[in-house]
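The values are calculated or read from the model by the stated rules, or taken from the named source; none is laboratory data. It should be emphasised that the depicted structure is a prediction, and the values quoted were computed from it without experimental measurement. FYI the Cβ positions are ideal-geometry reconstructions off the backbone, even for glycines, and counts take in every protein chain you see.
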Amino acid sequence: MKTHFIAIGGSAMHNLAIALKDKGYQVTGSDDAIFEPSRSRLEKKGILPQEMGWFPEKITADIDAVILGMHAHQDNPELARAKELGLKIYSYPEFLYEQSKNKTRVVIAGSHGKTTITSMILHVLNFHRKDVDFMVGAQLEGFDCMVKLTQDNDFMVLEGDEYLSSPIDLRSKFLLYQPNIALMSGIAWDHINVFKTFDDYIDQFRKFVASITPGGVLVYNEEDAEVVKVVEAAENYFRKIPYKTPEYEITNGKVYLKSEMGDVPLSVFGSHNLLNMEGARHICQQLGIMDEAFYEAIMSFKGASKRLEKVEREDQGTLYKDFAHAPSKVKATVKAFQEQFKKEKKYGFLELHTYSSLNPVFLEQYDHAMDGLDEAVVFYSEDALKIKRMEPISPEFIKEKFKNAALKVFTNAEDLHAYWETLDKTNGVFLMMSSGNFGGLDLTK
């Protein structure tokens, strides 16, 4: 099968391209910019475009599938050529469905926790050498690629994102998967640039639940009131399995999960991670992994990339980085940090740089998000606001919305980096929350 990727360099797109190459497909692609690690990984597989840019002449009548990434625009010249030739154009999730429509599809959805839960499931399955197809949004230890597609596997585990599918398909990605087994971890308003009201956002999850195949299974977080409302209002037929935070204790800095098999020592911390783990356990049961086998495997799970991931520093200081940027994620991560490090001085840094996190209306959601830290720092770039054509935001406004008068607010990278240099990284523990890089800050030094 001959496939062409428009915007092949994206984190998800390049992994799918590699998975198809490994499956034996002919793969070509284009993009106007490709960064690391996508660039090296595509080059290693022999599918890195020779030139950057869009080339309509690459779109030929013998292409079986054109896969369109979100990075491309509606007026993309290669897309126009594909339409002109009448080629089959797929969004990323649409193509994943085509690859898995004859398999049992397991879809992990929710505003937060879905990457971690998917990672936990795959870690357990990999530990017990149970082979499945998958797509996950983070690089995992023991896995070469974030996407795996085979002819023979019976199951496909998919991280279900509620963001849009492609520039020409404005449905939420997870609405295309039609799960046989699903999980919903939580609902907290996100992607405000697309979903203008909270109800519009919640409606995506209503549709997701409605898309579960007849007689399917939904594992859901019974501690989340919005999730419970959506599940209780559902009219289609499926089996409902609720889960909640299990009992645990912290002894000498180590987290132990209480189970019928005794105390299970864990390599991760935070009540939100224990809640995620409980959801993963129920999904693994559906896949034939019973509790004893689950606990045996989960002990060695160290976390998904950038999800409370410990950074090895040259000075041996204790520093964790986390992808947290949405308010619910920030609050859960800060709470976990406080619980784990009760005696140490706690520093927390948060970078605001997505459209949602910089929106004045959405900023209301961050109230008290950084409370309980000894030093709380928020960084955002005034230049980023100009690029996004957004109104200026003052540091005072940020403090007001976070309801934290002691908050330190930096609006340019130079000042942030200067402050960073004044801190003794071996005196205290540091939590760095961002889907960016704090203006190029090296967290290892």
Within the bounds of the range 368-386, is there any residue that is over 26 Å from the mean Cα position of the chain (by Cα), under 26 Å from Gln338 (Cα atoms) and in a loop (DSSP other than H, G, I, E, B)?
yes
Hey, among the residues in the range 291-330 that are hydrophobic (A, V, I, L, M, F, W, C) and more than 11 Å from Val124 (Cα to Cα), which one's surrounded by the fewest Cβ atoms within 10 Å (Cβ to Cβ)?
Val311
Breaking point among (1) at pLDDT below 85; (2) over 19 Å from Asp322 (Cβ atoms), for Pro392
(1)
Tell me the residue from Glu51, Glu36 that is of a type in the set (D, E, K, R), part of a loop (DSSP other than H, G, I, E, B), surrounded by fewer than 18 Cβ atoms within 10 Å (Cβ to Cβ) and within 25 Å of the chain's Cα centre (by Cα), please.
Glu36
When restricted to Lys403, Lys425, the only residue in contact with a His (Cβ under 7 Å, 6 or more places away or on another chain), in contact (Cβ under 8 Å) with a residue 24 or more places away in the chain and basic (Lys, Arg) is Lys403
Filter result (in contact with a helix residue (DSSP H, G or I) (Cβ under 7 Å, 6 or more places away or on another chain), closer than 26 Å to Val132 by Cα and among the small types (Gly, Ala, Ser)) within the range 304-324
Ala304
If Val157 passes every condition in (1) buried (at least 19 other Cβ atoms within 10 Å of the Cβ); (2) part of a loop (DSSP other than H, G, I, E, B); (3) of a type outside the set (S, T, N, Q) but one, which one does it miss?
(2)
The range 221-241: number of residues that are surrounded by 16 or more Cβ atoms within 10 Å (Cβ to Cβ) and assigned to a strand (DSSP E or B)
3
Cβ-Cβ under 6 Å pairs, at least 6 apart or on other chains, the range 370-397 side under 18 Å from Phe349 (Cβ atoms), far side surrounded by 14 or more Cβ atoms within 10 Å (Cβ to Cβ) and of a type in the set (Lys, Arg):
Leu373/Lys346; Asp374/Lys346; Val377/Lys408
Tally of residues being at pLDDT 95 or above and more than 13 Å from Gly29 (Cα to Cα) across the range 61-73
3
The listed residue being closer than 17 Å to Thr318 by Cα, outside the structural domain of Pro327 (by TED's automatic domain parsing) and surrounded by 11 or more Cβ atoms within 10 Å (Cβ to Cβ), out of Leu441, Leu423:
Leu441
What pairs come up if the first residue lies in the range 18-31 and is in the same structural domain as Leu48 (by TED's automatic domain parsing), the second is of a type in the set (A, V, I, L, M, F, W, C) and part of a helix (DSSP H, G or I), and their beta carbons are under 8 Å apart, counting only those six or more places apart or on different chains?
Ile18/Leu42; Val27/Ala17; Val27/Leu20; Gly29/Met13; Gly29/Ala17; Gly29/Leu42
Can you tell me which of (1) surrounded by fewer than 19 Cβ atoms within 10 Å (Cβ to Cβ); (2) assigned to a helix (DSSP H, G or I) is the one Asn15 doesn't meet?
(1)
Mind listing just one residue for me: the one in the range 398-408 that is assigned to a loop (DSSP other than H, G, I, E, B) and of a type in the set (A, V, I, L, M) and, of those, nearest to Leu350 (Cα to Cα)?
Leu407
Going through the range 54-107 in order, the residues found to be without any contact (Cβ under 8 Å) to a residue 40 or more places away in the chain, under 30 Å from Asp154 (Cα atoms) and assigned to a helix (DSSP H, G or I) are Glu98
Of the residues that make up the range 409-419, is at least one modelled with pLDDT of 90 or more, assigned to a helix (DSSP H, G or I) and within 22 Å of the chain's Cα centre (by Cα)?
no
Kindly evaluate Pro49 against the criterion of being within 13 Å of Ile8 (Cβ to Cβ), touching a helix residue (DSSP H, G or I) at 6+ places or on another chain (Cβ under 9 Å) and at pLDDT 95 or above.
yes
With the condition being modelled with pLDDT of 95 or more and outside the structural domain of Val361 (by TED's automatic domain parsing), I'd like the helices (runs of 4 or more DSSP H) fully within the range 254-349 carrying at least 3 qualifying residues.
271-286, 291-298
Which residues, counting only those in the range 175-210, are surrounded by 19 or more Cβ atoms within 10 Å (Cβ to Cβ), assigned to a loop (DSSP other than H, G, I, E, B) and hydroxyl-bearing (Ser, Thr, Tyr)?
Tyr177, Ser185
